[in-house]
Every structure is written in structure tokens, then in C-alpha cells.
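The values are calculated or read from the model by the stated rules, or taken from the named source; none is laboratory data. Values in this document were obtained by computation on a predicted structure and should not be read as measured data. All Cβ positions, glycine included, derive from the backbone under ideal geometry; neighbour counts span all protein chains shown. Quick note on the areas: whole protein, heavy atoms, side chains included, nothing else; ligands and nucleic acids left out. Shrake-Rupley method; radii C 1.70, N 1.55, O 1.52, S 1.80 Å.
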Amino acid sequence: MPRPLGELEDAVMTRVWKWNRPVTVREVLEDLQKERSIAYTTVMTVLDNLHQKGWVRREAEGRAYRYEAVSTRAAYAAALMNEAWSQSDNAAAALVAFFGMMSEEQRQALTDAVRIVQLPETHDENPGSADGRDGR
């Protein structure tokens, strides 16, 4: 289970996820410097730490590396939600509390996601039935 990213790790991974391609330390540094003062060696250390933790893979290019995300931000968020949920001693109560914190837009996204997850099951259970029931 992934542990939550630290603030600087998240800032770096946000760029890696957003750009969705192999990136260099220099590219990440230049983008981060638009928001904060930060050293090349700091970004290099963060990317090396992310590599050691399994968040990014790297490939040598000359004397430097290009870093690429191992999984998506959505997968990271899902893993964090799953970990938080598994820590609860009352899963239903935790979900009710979580749903209560959601915006209307988030509730709609949840409804859409549940519908998507249920579609394959419906078709797999009874391929000959349009509504997923077998008429028994």
C-alpha cells in the first residue's frame, strides 16, 4: 500500500502525471521554480526517492535520467482511499461520512463510477438478457 506522498513529492509527481511522458530533473525544476525557490539537487533527490519507493521508473539518457510514472494519479488516489477505508472499524459508517463530505459533482462522479463497475457484471451474469435478469 502506498503511503501518502509528501508535499514536495506530490508537487513533483503532479508534473510527472500531468505531462504523461518521461521527464528530466531540469524540466521539473524549471516548472517548480515558477512557484518556489528550489535547487536542482533537491529535485534530483526527490525524483531519486520516488524511484526508490517505486513511484517512477527511470532510464539513463547520457549522464542524466528520464523519469516516468509507474501508475496514474487516479490509481494513487484509489489506493489512498482504499487504505483509509480499511482502517475503519465500521466500513458502512465511514462510507456514509465520506459521502456526506462530497460535493454534488463528486456524488455524480461516484454514481457514474458505480454504473461503470456494474456494467461488466450484468453482462457476464446473463449474456442473453438485455436487463441482466434471467426471468426466473
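What number comes out for the charge environment of Pro22, summing +1 per Lys or Arg and -1 per Asp or Glu over other residues with Cβ under 11 Å away?
Taking every Cβ under 11 Å from that of Pro22, the sum is 0.
Shape of region 65-110 from its Cα gyration tensor (a ≥ b ≥ c, root eigenvalues): rounded if a/c is under 1.5, otherwise prolate when a/b > b/c, or oblate? It would help to have the intermediate numbers written out before the result.
Details: a/c = 4.60, a/b = 1.73, b/c = 2.67.
Because a/c hits 1.5 or more and a/b fails to exceed b/c, region 65-110 counts as oblate.
Run the accessible area of the chain with a 1.4 Å probe and give the carbon-and-sulfur part as a rounded percent. Working shown, then result.
Details: 5170 of 9720 Å².
Carbon and sulfur together cover 53 percent of it.
Please name which of Val56, Thr41, Val25 has its Cα lying farthest along the dipole of region 19-66 towards the positive end, using unit charges on Cβ (Lys, Arg +1; Asp, Glu -1) and the Cα centre as origin.
Val56
Quick one: which residues, 5 or more positions from Trp55 or on another chain, have an amide H under 5 Å from its amide H? H modelled 1.01 Å from N in the peptide plane, none for Pro or chain starts.
Excluding prolines and chain starts, which carry no amide H, there are no hits.
From the P(r) of the chain, could you give the percentage of C-alpha pairs in the tail past 19 Å?
64 percent
Do you know the relative contact order of region 16-81, to the nearest whole percent, from alpha carbon pairs under 8 angstrom that are 6+ apart?
That works out to 37 percent.
Averaging sequence separations of C-alpha pairs under 8 Å and six or more residues apart, then dividing by the length of the chain, give the relative contact order as a whole percent.
20 percent.
Residues of region 12-67: accessible area per residue at 1.4 Å, in Å²?
62 Å²
Applying the Karplus parametrisation 6.51 cos²θ - 1.76 cosθ + 1.60 with θ = phi - 60° to the phi angles of region 64-72, what ³J(HN,Hα) value in whole Hz is obtained for each residue in order, glycine and proline being reported as x?
For region 64-72, the Karplus-derived couplings read 10, 10, 10, 10, 9, 5, 7, 9, 8 Hz, x marking Gly and Pro.
With +1 on each Lys and Arg Cβ and -1 on each Asp and Glu Cβ, how big is the dipole of the chain about its Cα centre, in debye rounded to the nearest 20?
Taking the Cα centre of the chain as origin, the dipole is about 480 debye.
Per residue of region 20-31, what does 6.51 cos²θ - 1.76 cosθ + 1.60 with θ = phi - 60° give for ³J(HN,Hα)? Whole Hz please, x for Gly and Pro, Karplus curve as stated.
6, 7, x, 10, 9, 4, 4, 4, 5, 4, 4, 6
Show me 85-94, 45-54 ranked by packing, highest mean number of other Cβ atoms within 10 Å first.
Details: 85-94: 10.3, 45-54: 15.6.
Descending packing order for the listed peptides: 45-54, 85-94.
For Ile38, which sequence-distant residues (separation of 5 or more, or a different chain) have an amide H within less than 5 Å of its own amide H, given hydrogens modelled in the peptide plane?
Residues meeting the amide H criterion: none.
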